[in-house]
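Notes follow the structure.
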Amino acid sequence: MTTQPVRLRRLSLVDEGEEVLVGDPEAGTFISIPAVGGVVIAALMNGATVEETARRAEEYAGEPVDVPAFVETLRELGFLDEDDPGDERMPVATAPIQGRRWLSGLRPELARPLFGRVAWFGYGAAALFSLAALVLVPALRPDPAGDAFAVSDIGLGALLVYPITLVLAAVHEGWHWLAARALDLPARFGIDRRMAFLVFETDLSLLWSVPRKRRYGPLLAGLAIDSVMLAVVLGWRMVADNTVLGAVAYILVFQMVWQCMVFLRTDLYAVLITWLRCKDLWRVKTLLLRRAFGRLREGEAAELAAADPRDVRAGLWFRWLWLAGLFVVAAWLAFFALPVLVSLLRWTAAEVAAGPAAWRFWYALACTALLLGPWLAVAGLAVRSRLTRER
Amino acid sequence: MKIEVRKVEPIKATTNGTV
């Protein structure tokens, strides 16, 4: 056994100083190991036997290294190439509704001009222009009562707002994917839940296979294109205003502010963990919160003791931010979502009273379904995750 | 010495779908 070479999959290897990020890009699974682990992987990739690899690792570490146990761990992670050739491999699912395959499909050189130095200068200028316009021109500021449902017919408002939201979301998520393509990485789209919100998401986990500084572009690409769209709409409104432009501007500002809620694992959360060099802050935050309330379960104290020190350092304050986030989300729902839903249901009740023979009846039901649908999906996903946890 | 392995979390970019 120890004289046989170990066949590894095509693994990614990123040197982060004291640690090395290793991953299987096809499956989308990544791990962090000490630098000596990187020496072991590199030796195995070069076809060295376990024996020879152990000798090189000992030379590097200055003490004997248990290579066979590490190879066994790699096997458990699925990092060894043990398939029949020709087997198609699928990435591991990370969301309840998700594309089953990685999405490539665009040559990197076509996407690259959108994320070069000139492009980022443009994104920055658009963000500054939008901010200045919102601060300096009071008439452009979003007004929840006026812009979102400026039309007197709330049903028409629903029909206007939700499709616009979907189009803007598609552009935002598509831009994340384009930025990943510029780095020659694939991504995949999915739908998931964040606390009480339904979210459209782009899985950018393959960013773990590139150096840290190159991860920021794809993470900020969504907000970058939001800034451009907002700048165009605000500029347009200065010249010629109308209801649709008001609604688009309102939704864009609303969505960009929403991204600031890092405790929901938004784009800016990913930027934060990249900046702090965290590896698994989300899990460590949960463990630290449980520890604070004396609710650690079996094995979790050991898991916490083995956690990355940077994760623990950040988790000590991030856990309270997350807890405060529960109240922020409750306030957000009470301030934004509830008033809209209440007035919608009142309007629906009045319209439905006309009876199923009237077209108003069906129109009102369709509008209600469109606005209530996402909230019902959130409830469904919450119930589903509760059931799978209990199983 | 034993080589300790730590998992890293998935990286997701999101848009709010409930407005």
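Test of understanding: what is the full-extension gain from residue A:313 to residue A:170, defined as 0.36 nm times their sequence separation minus their Cα-Cα distance? Walk me through the numbers before you get to the answer.
Values: separation 143, 0.36 × 143 = 51.48 nm, distance 3.57 nm.
Full extension of this stretch gives 47.9 nm more.
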Put +1 on the Cβ of each Lys and Arg and -1 on the Cβ of each Asp and Glu in chain A; which of A:374, A:135, A:120 then has its Cα farthest toward the positive end of the dipole? A:135
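Please work out the Kirkwood hydrodynamic radius for region A:99-328, using every pair of different C-alpha atoms, and report it in angstroms with one decimal place.
Numbers: mean 1/r = 0.0510 Å⁻¹.
About 19.6 Å, per the Kirkwood formula over Cα pairs.
Is it possible to state the helix-based mean residue ellipticity at 222 nm for chain A, with each DSSP H run of 4+ residues giving -39500 (n - 2.57), the sum divided by total residues, to the nearest 500 deg cm²/dmol? What is it?
Taken over chain A, the calculation gives -19000 deg cm²/dmol.
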D (µm²/s, integer) via Stokes-Einstein for region A:12-76, Kirkwood Rh across alpha-carbon pairs, 20 °C, 1.002 mPa s: value 179 µm²/s
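Other chains near A:266-274: what is the mean number of their Cβ atoms within 10 Å of each residue's Cβ?
On the way: counts 5, 5, 1, 4, 6, 1, 0, 3, 1.
The per-residue average across the peptide is 3.
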Run the quick spin-label model on residue A:239 and residue A:361: label points 7 Å from Cα toward the beta carbon, then report their separation in nm to one decimal. 4.8 nm
Here, residue B:1 and residue A:101, labelled 7 Å along Cα→Cβ, have an inter-label distance in nm of 4.3 nm
Report the one residue of A:282, B:5, A:11 whose Cα lies farthest in the direction of the positive end of the charge dipole of the protein assembly as shown (charges on C-beta: Lys and Arg +1, Asp and Glu -1; origin at the Cα centre). A:282
Select from A:344, A:45, A:249 the residue farthest towards the positive end of the dipole of chain A; place +1 on Cβ of Lys and Arg, -1 on Cβ of Asp and Glu, and compute about the Cα centre. A:344
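Could you compute the net charge surrounding residue A:289? Neighbours are other residues with a C-beta less than 14 Å from the C-beta of residue A:289; K and R count +1, D and E count -1.
Working: positive: A:283, A:285, A:290, A:291, A:295, A:297, A:319; negative: A:300, A:303, A:311.
It works out to a net charge of +4.
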Count neighbours as other Cβ atoms within 10 Å of each site's Cβ, and list the GluC sites (Glu not before Pro) in region A:17-120 that are DSSP loop with at most 10 such neighbours. A:18, A:82, A:88
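Could you calculate the contour length gain from residue A:370 to residue A:336, that is, 0.36 nm times the residue separation minus the distance between their Cα atoms, to one decimal place in nm?
Details: separation 34, 0.36 × 34 = 12.24 nm, distance 1.69 nm.
Gain on extension, residue A:370 to residue A:336, equals 10.6 nm.
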If one computes P(r) from the Cα atoms of region A:181-255, what percent of pairs lie at distances over 19 Å? 54 percent
Can you tell me the FRET efficiency between residue A:345 and residue A:292 if r is taken as the Cβ-Cβ distance and R0 is 51 Å, rounded to the nearest 0.05? 0.80
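Of A:285/B:7; A:285/B:2; A:279/B:7, which pairs sit farther than 19 Å apart, going by alpha carbon to alpha carbon?
On the way: A:285/B:7 14 Å; A:285/B:2 26 Å; A:279/B:7 7 Å.
With Cα atoms farther than 19 Å apart: A:285/B:2.
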The local net charge around residue A:133, scoring Lys/Arg +1 and Asp/Glu -1 for residues other than residue A:133 whose Cβ lies under 12 Å from its Cβ, equals +2
State, to one decimal in nm, how far the label point of residue A:274 lies from the label point of residue A:55, with both points 7 Å from Cα in the Cβ direction. 4.2 nm
How big is Rg to Rh over the protein assembly as shown, alpha-carbon atoms, Rh as the Kirkwood inverse-mean-distance radius? 1.03
In degrees rounded to 10, the 0-90 angle between helix A:309-332 Cα long axis and the longest Cα principal axis of chain A is 20 degrees
How large is the charge dipole for the protein assembly as shown, taken about the Cα centre, if only the Cβ atoms of Lys, Arg (+1) and Asp, Glu (-1) carry charge, to the nearest 20 debye? 1040 debye
Gyration tensor over alpha-carbon atoms, region A:55-209, equivalent ellipsoid semi-axes in Å: 45, 22, 17
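All of the numbers you see were taken from the coordinates with simple rules; none came from a lab. Quick caveat, the model's predicted, so the values are computed rather than measured. Reconstructed Cβ throughout: ideal geometry from the backbone, glycine too, with neighbour counts over all protein chains shown.
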